[in-house]
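What follows is a single structure, written as structure tokens, with notes after it.
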Amino acid sequence: MTIRIYNTMSRSKETFEPMSPGKVSVYVCGPTVYDSCHVGHARSVVVFDVIVRYLRERGFEVMYIRNFTDVDDKIIERANRLGMDPMEISEKYIQEFYEDMDALHVLRADHEPRVTRYMEDIKAFVGKLVDSGMAYRIDGDVYYSVESFNGYGKLSGRKLEDMEAGARVGINAKKRNPFDFALWKSAKPGEPAWDSPWGPGRPGWHIECSAMAWRHLGETFDIHGGGKDLIFPHHENEVAQSEGAFGRPFARYWVHNGFVNIDQEKMSKSLGNFLMIKDVRRRYHPETIRLFLLSNHYRSPVDFTDKAMDEARAGLDRIYTFLERAEATAGAPGGSPAEPGQYWQRFAEAMDDDFNTALGVGVLFEGVRAANGLMDGSADDALPRIRAIRDDILRMGEVLGILNETPAAYFTGRRAGVLETESIDAAKIEALIKERAEARKAKDFARADAIRDELAEKNIVLEDRPDGTIWKVGG
RNA sequence: GGCGGCAUAGCCAAGUGGUAAGGCAGCGGUCUGCAAAACCGUUAUUCACCGGUUCAAAUCCGGUUGCCGCCUCCA
């Protein structure tokens, strides 16, 4: 089996062959930490989390780098507005990032470099470009000359000539080309600054990723990821910087995830419809968010709606309901790890084809249905087959970053939510269930059904099982 | 203006040459006092529209319409 990846650079799916057999180096652009993370950040981070998890599952040794951009115009602006130190701002939002992403079961990257801790590498990088004549100084600023790099535009599929036609009037008329971009920005009074051969200042937006990728992964590495919006200018400029500096290919596979829309609208400042992860977490289980995000192919846009989230929750309930029943029927999972079964194989085939999690989720549900069918039936070999399918499903769950809880814990959590919103306590519910059981025993079904209806109004659903009645939270 | 993407059942969504996965919702059935959960069956002779290539197209090519993204900070 080989993995195929859609490479933005070639605009086609390519067979994935890492530079060093068995090893994969990955760099993903992390957030600029000037505000809370929104669901768009969640998608990008979750998508690459799953890609890295899958590569490891497939036996690759992965070196995964995800940066924090912790010095930037927006951070400074916000700090000034709040009368805070920029470093306080970035630190605050880095901690928030971890709170959100830990909740979403996102694994830490192997290195999570912060720009402010890599100033020597950045300055060395800028120095290389200045020395080679690809960058030039204007007062205390250093600019990259896009015309000095003849591949400029190859990632985003643009030609410098075409862009020049529609280019806006450059604000800085001193730039040789309107598309030249800052490698080093001279410090204005009150701004954070580092000494450099070009005077005190700070890095431009794009240089940090080139420098930190270089530091951790070398001149060439395997996979570079980020949101689609980063293709131009951010990633295009990274290519120009890194390939300009080393004369070697930069990233071998460019992977870009699509956007998250909110009710079919792009999240934007003007619409004021940024949906923060911390707010969504209050309403939905973290795995519901992951399942929702992964139910679409990573390159397609995905529309965040209450309906879509409710469906994801229904799906997650379905999987945990199966796991709960399987545990009762076939015992708790564990013991000797089974050989991967047919469902895992099909899941892996889906993932091999450009990380098609949407197709993979479909396979997962097919497994649930098949195993439920076995539990309904009476085949002699049902138990081992159920266990085999469950093992496959749990393995898929590990790649997707879901099914981290035991079914009991999951449903306890679901119940806790409704107890809070409906202001009813578990003892009261249990008392009603007991009363209903007595009514049923006395054949007083009118009373029994009235109790059930009363609870249903509070989104509490009863299930009469052979060993007694349990309650769950509805959709 | 330049570059790129998308249009598949009521809704969401896979499927890039071989005859339409999966989820949600709906309907019929099994089970149940009745339900719920689960399972079985059913729900697109058809993949925006028009033309072309092919033995064969949702899948390739050309055109039309509609929606969207990037080109400016942005996951």
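The values are calculated or read from the model by the stated rules, or taken from the named source; none is laboratory data. The structure displayed is predicted, hence computed values, not measured ones. Cβ: placed from backbone, ideal geometry, glycine included. Neighbour counts: every protein chain shown. Only protein heavy atoms, including side chains, enter the accessible area calculation; ligands, DNA and RNA are left aside. Shrake-Rupley method; radii C 1.70, N 1.55, O 1.52, S 1.80 Å.
To the nearest 0.05, what FRET efficiency results for residue A:248 and residue A:299 with a Förster distance of 25 Å applied to their C-beta separation? Write out the running numbers ahead of the final one.
Numbers: r = 27 Å, r/R0 = 1.09.
Step by step, r from the Cβ atoms, then E = 0.40.
Computed extension length for residue A:58-residue A:219: 55.4 nm, one decimal, from 0.36 nm per residue of separation with the Cα-Cα distance subtracted.
Considering only protein heavy atoms and a probe of 1.4 Å, how much of the accessible area of region A:75-219 is carbon and sulfur, as a whole percent? Here carbon and sulfur together make up 47 percent of the probe-accessible area.
Taking packing as the residue-averaged number of other Cβ atoms within 10 angstrom, the listed peptides A:371-382, A:257-268 run from highest to lowest as A:257-268, A:371-382. Think of a 1.4 Å ball rolled over the protein heavy atoms: region A:305-404 then has 44 Å² of accessible area per residue.
Extending 7 Å from Cα along the Cβ direction at residue A:266 and again at residue A:426 yields two label points whose distance is 4.7 nm. On region A:289-386, 50 percent of the accessible area sits on carbon and sulfur atoms, based on a 1.4 Å probe. If R0 is taken as 51 Å, the Cβ-Cβ distance between residue A:120 and residue A:11 corresponds to a FRET efficiency of 0.90. For region A:4-266, a crude dipole built from +1 on the beta carbon of Lys and Arg and -1 on the beta carbon of Asp and Glu, taken about the Cα centre, is about 620 debye to the nearest 20. The label-point distance for residue A:82 and residue A:161, in a model that sets each label 7 Å from Cα toward Cβ, rounds to 4.9 nm.
Hey, got the dipole for region A:9-58? About the Cα centre, +1 on K and R Cβ, -1 on D and E Cβ, debye to the nearest 20?
Its charge dipole is roughly 160 debye.
Partners of residue A:92 within straight-line reach, counting aspartates and glutamates whose Cα lies under 13 Å from its Cα and excluding those fewer than 8 residues away in the same chain: A:35, A:70, A:100. Packing here is the average count of other Cβ atoms within 10 Å per residue, and on that basis the peptides A:401-407, A:65-71, highest first, run A:65-71, A:401-407. Once the chain from residue A:328 to residue A:449 is taken as fully extended at 0.36 nm per residue, the excess over their C-alpha distance is 40.8 nm.
How do A:106-112, A:408-414, A:388-394, A:203-209 rank on mean C-beta neighbours within 10 Å, highest first? Don't jump to the answer; show the numbers that get you there.
Numbers: A:106-112: 16.6, A:408-414: 15.0, A:388-394: 22.9, A:203-209: 24.7.
Going from most to least packed, we get A:203-209, A:388-394, A:106-112, A:408-414.
As a length-normalised measure over Cα pairs under 8 Å and 6 or more apart, the relative contact order of chain A settles at 15 percent.
Send over a whole-number figure in Å² for the accessible area per residue of region A:4-266, probe 1.4 Å. Don't skip to the end; give the middle numbers.
Details: 11030 Å² over 263 residues.
Accessible area per residue: 42 Å².
Taking R0 as 30 Å, what's the FRET efficiency between residue A:273 and residue A:91 from their Cβ-Cβ distance, rounded to 0.05? Working shown, then result.
On the way: r = 27 Å, r/R0 = 0.91.
Here the calculated transfer efficiency is 0.65.
Placing unit charges on each Cβ (+1 for Lys and Arg, -1 for Asp and Glu) gives region A:39-183 a dipole about its Cα centre, and among A:80, A:135, A:44 the Cα reaching farthest toward its positive end belongs to A:135.
Using only side-chain charges placed at the Cβ, +1 for Lys and Arg and -1 for Asp and Glu, the dipole size of chain A relative to its Cα centre rounds to 460 debye.
Could you please state how large a percent of the accessible area of region A:408-473 is carbon and sulfur, counting protein chains only and using a 1.4 Å probe? Kindly include the intermediate steps, with their values, before the conclusion.
Values: 2110 of 4060 Å².
Reported share for carbon and sulfur atoms: 52 percent.
Listed cross-link partners A:154/A:228; A:23/A:128; A:23/A:123; A:13/A:175 are compared with a 26 Å cut-off, the Cα-Cα value being larger for A:23/A:128; A:23/A:123; A:13/A:175. Along region A:127-136 the Karplus relation, 6.51 cos²θ - 1.76 cosθ + 1.60 evaluated at θ = phi - 60°, assigns HN-Hα couplings of x, 4, 5, 5, 4, 7, x, 7, 10, 9 Hz to successive residues, with x for each Gly and Pro. Rounded to the nearest 10 degrees, what's the angle between the helix A:357-376 long axis and the longest principal axis of chain A, both from Cα atoms, 0 to 90? Its long axis makes an angle of about 10 degrees.
Subtracting the Cα-Cα distance of residue A:437 and residue A:349 from 0.36 nm times their residue separation leaves 26.8 nm of extension gain.
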